[in-house]
Amino acid sequence: MTRSEDPLPPVPQGDTRHESKDQRMDRNWNELLQELRVLQTGVQIIGGFLLTLPFQQRFGTLTELEKWLYLVLVVLATMTTGLMLVPVSLHRRLFQHHVKSRLVAAGDKIVKSVLACVALLIAGCAWLIFSVVLGPEAGTAAGASILLALAALVLLYPLLSWSPKYSRLEPKSGTGSDNQSP
């Protein structure tokens, strides 16, 4: 695929940025990297928390299910951290190949996958903590409830926010300083 054949979504109606395709792709790429930076901090904190657990006195009292849940969460935290490295690796591999729109599209898919992994990680940690503190039934209830709440926030809310009703609320003209990524 040559540079002129790179897929590019249409510019949203009312977009007042007046930027070139290259400027738009650079902005989109920078926004993806910012999102990954925010996610990285949360995953590092959760991963650090998980890594300290085996050295706690109560760790030996975990049930078999809790120990397996712990190990699954360690793997999930590790793989999520690794998944966040993929856009950087792609960028290094594709640097100066003039395929920024393909890089942005791939980065978008990766960030969506990372969001799903982080939601699972958060719900799993809640499940483990509630299970240890209050028992397995409370752990299952807390983990499932938090996973449903996160699914609603991460999946459903953005879908509902992107409706014609909200499009009509956008100002007809503006300075172009708001951050409306396609």
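Only the coordinates and a few stated rules stand behind these numbers; no lab work does. Computed from a predicted structure; not experimentally measured. Using ideal geometry, Cβ is built from the backbone for each residue, glycine included, and neighbour counts are taken over all protein chains shown.
For the range 57-152, count the residues as N, evaluate 2.2 N^0.38 Å, and divide the Cα radius of gyration by that value, please.
Cα-based Rg divided by the globular estimate yields 1.41.
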Derived scalar couplings ³J(HN,Hα) [the range 112-127; Karplus, 6.51 cos²θ - 1.76 cosθ + 1.60; whole Hz; x for Gly, Pro]: 5, 5, 4, 4, 5, 5, 5, 4, 5, 5, 5, 5, x, 5, 4, 4
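Can you give the extra length, in nm with one decimal, that the chain gains between LYS109 and LEU160 once fully stretched, where that is 0.36 nm per residue apart less the Cα-Cα distance?
Answer, rounded to one decimal: 16.4 nm.
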What list of ³J(HN,Hα) couplings, whole Hz, do you get for the range 47-59 from phi and the Karplus terms 6.51, -1.76, 1.60, once you set θ to phi - 60° and write x for glycine and proline? x, x, 4, 5, 5, 7, 4, x, 8, 8, 4, 6, 4
Cα-projected label distance for ARG17 with LEU53, points at 7 Å along beta-carbon direction, nm: 4.0
Looks like the range 53-100, by Cα gyration tensor root eigenvalues a ≥ b ≥ c and the a/c under 1.5 rounded cutoff (else prolate when a/b is bigger than b/c, oblate otherwise), is prolate
Read phi for every residue in the range 33-42 and hand back ³J(HN,Hα) as whole Hz from Karplus 6.51 cos²θ - 1.76 cosθ + 1.60, θ = phi - 60°, with x for Gly and Pro. 5, 4, 4, 5, 4, 5, 5, 4, 4, x
